[in-house]
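Have a look at the structure below before the remarks.
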There are 4 protein chains.
Amino acid sequence: MLRGVFPPLPTPFTDDELDTGLLRDTVTALMRTRLAGVLACGTNGESFLLDPEEIDQVVRTTRDAVPDGRAVLAGTGCDSTRATIAACRRAADSGATHALVRPPVSYTRFMTQDVLLAHYGRVADTSPIPVVLYNQPAVFGADLAAPTVAGLARHENIVGLKDSSGNIAHVSDVLARVPDDFSVVTGVAGMMYAALLSGTSGSVVAIANVVPTLAVQLYEFVITGQLHHALALQRAIAPLARAVTITHGVAGMKAAMALAGFPASSPRLPLEPVGPQVVDELRSMLRHLEAFTGRALIGTAGQDGPVSGEAGD
Amino acid sequence: MLRGVFPPLPTPFTDDELDTGLLRDTVTALMRTRLAGVLACGTNGESFLLDPEEIDQVVRTTRDAVPDGRAVLAGTGCDSTRATIAACRRAADSGATHALVRPPVSYTRFMTQDVLLAHYGRVADTSPIPVVLYNQPAVFGADLAAPTVAGLARHENIVGLKDSSGNIAHVSDVLARVPDDFSVVTGVAGMMYAALLSGTSGSVVAIANVVPTLAVQLYEFVITGQLHHALALQRAIAPLARAVTITHGVAGMKAAMALAGFPASSPRLPLEPVGPQVVDELRSMLRHLEAFTGRALIGTAGQDGPVSGEAGD
Amino acid sequence: MLRGVFPPLPTPFTDDELDTGLLRDTVTALMRTRLAGVLACGTNGESFLLDPEEIDQVVRTTRDAVPDGRAVLAGTGCDSTRATIAACRRAADSGATHALVRPPVSYTRFMTQDVLLAHYGRVADTSPIPVVLYNQPAVFGADLAAPTVAGLARHENIVGLKDSSGNIAHVSDVLARVPDDFSVVTGVAGMMYAALLSGTSGSVVAIANVVPTLAVQLYEFVITGQLHHALALQRAIAPLARAVTITHGVAGMKAAMALAGFPASSPRLPLEPVGPQVVDELRSMLRHLEAFTGRALIGTAGQDGPVSGEAGD
Amino acid sequence: MLRGVFPPLPTPFTDDELDTGLLRDTVTALMRTRLAGVLACGTNGESFLLDPEEIDQVVRTTRDAVPDGRAVLAGTGCDSTRATIAACRRAADSGATHALVRPPVSYTRFMTQDVLLAHYGRVADTSPIPVVLYNQPAVFGADLAAPTVAGLARHENIVGLKDSSGNIAHVSDVLARVPDDFSVVTGVAGMMYAALLSGTSGSVVAIANVVPTLAVQLYEFVITGQLHHALALQRAIAPLARAVTITHGVAGMKAAMALAGFPASSPRLPLEPVGPQVVDELRSMLRHLEAFTGRALIGTAGQDGPVSGEAGD
């Protein structure tokens, strides 16, 4: 089972080239927290901007920096079935524990539920590592309907779903249809609290790259039934969570990570870094979170100690 | 405060003409349950298909059939500010307790947050009854952003929001910004459980017209902290809830109400009633819910007794 | 047949109330040109912001100001079949020659081609004046597919289509399916030239309210085979045409009309007038057109004489 | 200048593997007509489903089969600037004459006009062969606005635009802003007639793979001023043109090519071939076109002789 909080790792670049040294340092710093593992080469990892060889390097570097016993998910979805199968094999060879497979993003009008069932079935039949489905229709075009997820959940090599639809009714519908040992994790930080209470087992959220201890704390508050604290923390992290995804995307996430003390890096072209105004806005959000939690977040790279019990009261 | 479950009443027609007798009987039957009030002339009430004079009749008939102490919300949103103000006055004259004001649905490209702020401000300045905002961007086009809701919540005559965006992160964001005495109710049955746990105070959901006691039970399970029962019931009602909204719309809701024992009525043209196959599908969903809850739902018009404590176990 | 150029009349307001005097003056001025008739109460006439009684006044005032022999189309589409039928009767009583019937804009998911066929059939069966269909899916939600238009074109009381889809392949497809005496007019000024060459018989375009003689000239250039002049004029008017529709909407159209010498009026609330910067931008576009055509357009109210044969060379 | 009609070549697969033999035979057959050149590795060439090495093979095979003097465009757009630059170099090495560069399809919310200007500028600065822009917002997400195209048209290594927006007003707007030696070709067969009359110089349309002589004939009718014949032929080919793009996509195009006598091939997984019913529908459309033109089209592989002058009368 995928349980807990997983950061969708950024991919660092120096002069527009992959920088595995910065990646290793980033992963090492993140892994000092209670994060349950990582996702390498997800959308936040600029996977669409990476060559297959670079993806191998990223997965290998990540694998080496993650302690044993924690999951290393690798994004392996491509547009053809053939390329997706190849990517799963390469990810397995590079040490990934799970293949996170987004649907094809081209020819989306023809990505019917039947076509998606066949595609994922063929991928799962041959992948050396367990497959995790990925649903985010606003970004990928194709939509994994709840009955499709339920059908695929019967495949012994399909073990979970990352759902970033943002639609809690849909997530709840999926959970009602899949077995208990099928992991559903969500990808929208603003719904972590509601999703965990609805039966998901974890989250893959960009904010876990920036304030990993707070993302873990929110998860643990819900798991231990401290709902009042959980709801307060959920509301408190939401503005920063939106800023590093919806509003400013990968560039915003990388800028916030630099502020938080992780290695700094620009996105790859054609993506551009955010300007100084956005950096100021992000710093102000981090300061607000510092005030709310009573803890140092800026420049600490996640070494910020436990949130006090009074948080949010 | 708007607390509890409110059915968005159907508007009955006989030979395509408004039938206030059937409406009175429907409301009377619904009010035998613990529903907290009603919404007249909402989208599910086919408000877009009613003349202003018919709307007056619907609100008056509804008002007469609702016991004192329960809220009678009336949909009063029109496309011009002038017509919306007039509709609020007429609703107040007809006995409504609150005006539910959808945004203009035309010229939506020009419905900026500033224009919406000004529009709602003018309406609230003159409405004799408190105004409840209404957000459902997928249907109305205009989108009430969270800061806009927060700004309008400062107006003393704007007391709440019905949010049917289906986006729990957005609902949570709104709740983080409004005062405690500002009521946020949601309009998507599949997220009742998650929304109530996130701080909303109630729901206006089509399924409350069909199985009012179950909708109330779900609300009460959450309010009393019986989360396990609540989640099980939430999942159980979801398929029927989708069928009477997303899949089959008002026609599906009216067919399900007829099966449940409420007065039967067709939608107004150009809307068409559902066919016999859909009726069979709805009956089968009701039977499934009867099996789950151990209670009679078909033909009972809401007189189906308390759900047993074992439900969902 | 609807042949030529028709302005979609603005509806003037003074202090947010309908001003029929300004309307009469506007129509009278426009009718001094070779415009083929008018459309009252279209989308550009803020029809969504008018009460039924106001619509009657607008149609009557317009009818009185339009010379005999020119068409007076009136927008009569409502969301219910019943209200649409009533609106057609009222428009006929007020002197309209044709009813322009937009599809229902609510419950659009249920506006299947079958439902639209039945709706328009019922309306045409009872309308005392000929019906013109109206297609603009981006605004109305419902989409009149080409086979649906072809089916409705067989009804003896359905005589034409206004298509504002902007999709020339779709317009061409419709023309291939309808009889020669079925009028297809388009509503996008930027495609007048291409549409007329593809077989349409005219246009209903906002720019005909601002520079009526140029819109008529473009039509006549195409009709008389002066394609080089037509294309040059088409390109020249496009920026202003976009500004008074897509970019600034009704408010922009009203501001441009005021600059062009027609009676000035604000849009009705919640629509707001454009600011001084937009007025400057519109004035500069009119000046550019004056330079291109060698004619006075600002302040002339359409009395700007014939475009010289050298235009565009 | 890109003048005339260019087929967006299919990429043949045998057992899901690239089959360059079938590709060579297909190109050779197509080049027996007056097509002006070809596009290799466009969307219709399933470029999203090909590896970089396969793309090299496709371009080389195509180059070898196209007579000197005709253009060989190659699709080289990738999501990162870096990969796009590399793809342009490889295409040049493989013998392409032009690089057709689609915009990035990921992170589309951040593909502002400024980012697109910078991206295309960097690509054009380094591409060994001239760059052709590609606009199709419904498929690619990013939208190349007319001022952006005009700005990029000033770059000496950007020589044209393929526009598949389907929006003739937009195409006309672009043409009004670019120099005369900048080629604008369209990608929607249903608007060939209107676009050519509006100033475009050619088309890249899927139907040119199926009935190349008719696509060329339509082009030549317009160029030689036979507008009546052109319009009749435009309307006649539209149903088949829609079937092999919008309705059935690449699978439909490949099935229609097989019927027309070109080498048969399935699309690559996850795309599925069309079923027998669609094949029947396509055959019937081809028969209808045979009746209209008085020429054999089924099984002729483009060797169907000149369309008689009576066509469409």
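The values are calculated or read from the model by the stated rules, or taken from the named source; none is laboratory data. What you see is a predicted model; the values in this text were computed from it and never measured. So basically every Cβ, Gly included, is an ideal-geometry build from the backbone, and we count neighbours across all protein chains shown.
Taking segment B:124-158 as the search range and keeping residues that are out of contact with any strand residue (DSSP E or B) (no Cβ under 6 Å at 6 or more places or on another chain) and aliphatic (A, V, I, L, M), which one is surrounded by the fewest Cβ atoms within 10 Å (Cβ to Cβ)? In this case the residue turns out to be B:ALA138.
So how many residues does segment C:257-307 have that are more than 30 Å from B:THR81 (Cα to Cα) and in a loop (DSSP other than H, G, I, E, B)? Result for segment C:257-307: 14. Pairs are defined by a Cβ separation below 6 Å, a sequence spacing of at least 6 or placement on different chains, a first member in segment C:214-230 that is among the aromatic types (Phe, Trp, Tyr), and a second member that is part of a helix (DSSP H, G or I) and modelled with pLDDT of 95 or more; the pairs so defined are C:PHE221/C:HIS229; C:PHE221/C:ALA230.
For C:ASP68, the conditions (1) closer than 30 Å to C:VAL216 by Cα; (2) among the acidic types (Asp, Glu); (3) not in a loop (DSSP other than H, G, I, E, B) all hold with the exception of (3).
Across segment A:99-116, the number of residues qualifying as on the phi > 0 side of the Ramachandran plot and either at pLDDT below 95 or surrounded by fewer than 19 Cβ atoms within 10 Å (Cβ to Cβ) (or both) comes to 0. The lone criterion from (1) of a type outside the set (Lys, Arg); (2) in contact with a Pro (Cβ under 7 Å, 6 or more places away or on another chain); (3) buried (at least 24 other Cβ atoms within 10 Å of the Cβ) left unmet by D:PRO273 is number (3).
Within segment C:282-290, identify whether any single residue is touching a residue at least 24 places away in the same chain (Cβ under 8 Å), of a type in the set (Lys, Arg) and surrounded by fewer than 16 Cβ atoms within 10 Å (Cβ to Cβ), and answer yes or no. Looking for residues that are touching a residue at least 24 places away in the same chain (Cβ under 8 Å), of a type in the set (Lys, Arg) and surrounded by fewer than 16 Cβ atoms within 10 Å (Cβ to Cβ), one finds at least one in segment C:282-290, hence yes. Checking the structure you have, find out if any residue of segment C:39-60 is part of a strand (DSSP E or B), crowded, with 21+ Cβ neighbours inside 10 Å and of a type in the set (A, V, I, L, M, F, W, C). Yes, segment C:39-60 has at least one match.
Being within 26 Å of D:MET257 (Cα to Cα), in contact with a Phe, Trp or Tyr (Cβ under 8 Å, 6 or more places away or on another chain) and either polar (S, T, N, Q) or modelled with pLDDT under 95 (or both) is a property that D:ASN209 has.
Pairing each residue of segment D:47-62 that is among the aliphatic types (A, V, I, L, M) with any residue that is assigned to a helix (DSSP H, G or I), provided the two are 6+ apart or on different chains, yields C-beta distances under 6 Å for D:VAL59/D:ALA91. Residue count for segment C:244-264 satisfying the condition of being within 14 Å of chain B (Cβ to nearest Cβ) and of a type in the set (A, V, I, L, M, F, W, C): 6. Elements of the type helices (runs of 4 or more DSSP H) sitting completely within segment D:91-204 and holding at least 2 residues that are within 14 Å of chain C (Cβ to nearest Cβ) and farther than 25 Å from C:VAL171 by Cα: these cover D:146-153. Scanning segment B:71-85 for residues that are of a type in the set (A, V, I, L, M), in contact (Cβ under 8 Å) with a residue 24 or more places away in the chain and in a helix (DSSP H, G or I) yields a single hit, B:ILE85.
Please go through segment D:65-88 and give me each residue that is of a type in the set (D, E, K, R) and within 14 Å of another protein chain (Cβ to nearest Cβ), ordered by number. Selection gives D:ASP79, D:ARG82.
Only one of the numbered conditions (1) crowded, with 21+ Cβ neighbours inside 10 Å; (2) over 19 Å from the mean Cα position of the chain (by Cα); (3) more than 13 Å from chain D (Cβ to nearest Cβ) is not met by C:ALA215, and that is (2).
Listed residues C:ALA71, C:ALA65; which is within 13 Å of the chain's Cα centre (by Cα) and surrounded by fewer than 23 Cβ atoms within 10 Å (Cβ to Cβ)?
Numbers: C:ALA65 fails: within 13 Å of the chain's Cα centre (by Cα).
So the residue among C:ALA71, C:ALA65 that is within 13 Å of the chain's Cα centre (by Cα) and surrounded by fewer than 23 Cβ atoms within 10 Å (Cβ to Cβ) is C:ALA71.
Is it fair to say D:VAL250 is at pLDDT 95 or above, buried (at least 22 other Cβ atoms within 10 Å of the Cβ) and part of a helix (DSSP H, G or I)? Yes. The number of residues in segment C:222-242 that are of a type in the set (A, V, I, L, M, F, W, C), touching a Leu at 6+ places or on another chain (Cβ under 9 Å), surrounded by fewer than 24 Cβ atoms within 10 Å (Cβ to Cβ) and within 13 Å of chain D (Cβ to nearest Cβ) comes to 4.
Please specify each residue of segment C:13-28 satisfying the condition of being part of a helix (DSSP H, G or I) and in contact with a helix residue (DSSP H, G or I) (Cβ under 9 Å, 6 or more places away or on another chain).
If we filter segment C:13-28 for residues that are part of a helix (DSSP H, G or I), which is where we start, we get C:20-28.
If the condition is that a residue be part of a helix (DSSP H, G or I) and in contact with a helix residue (DSSP H, G or I) (Cβ under 9 Å, 6 or more places away or on another chain), then C:THR20, C:GLY21, C:LEU23, C:ARG24, C:ASP25, C:THR26, C:VAL27, C:THR28 are the ones that fit.
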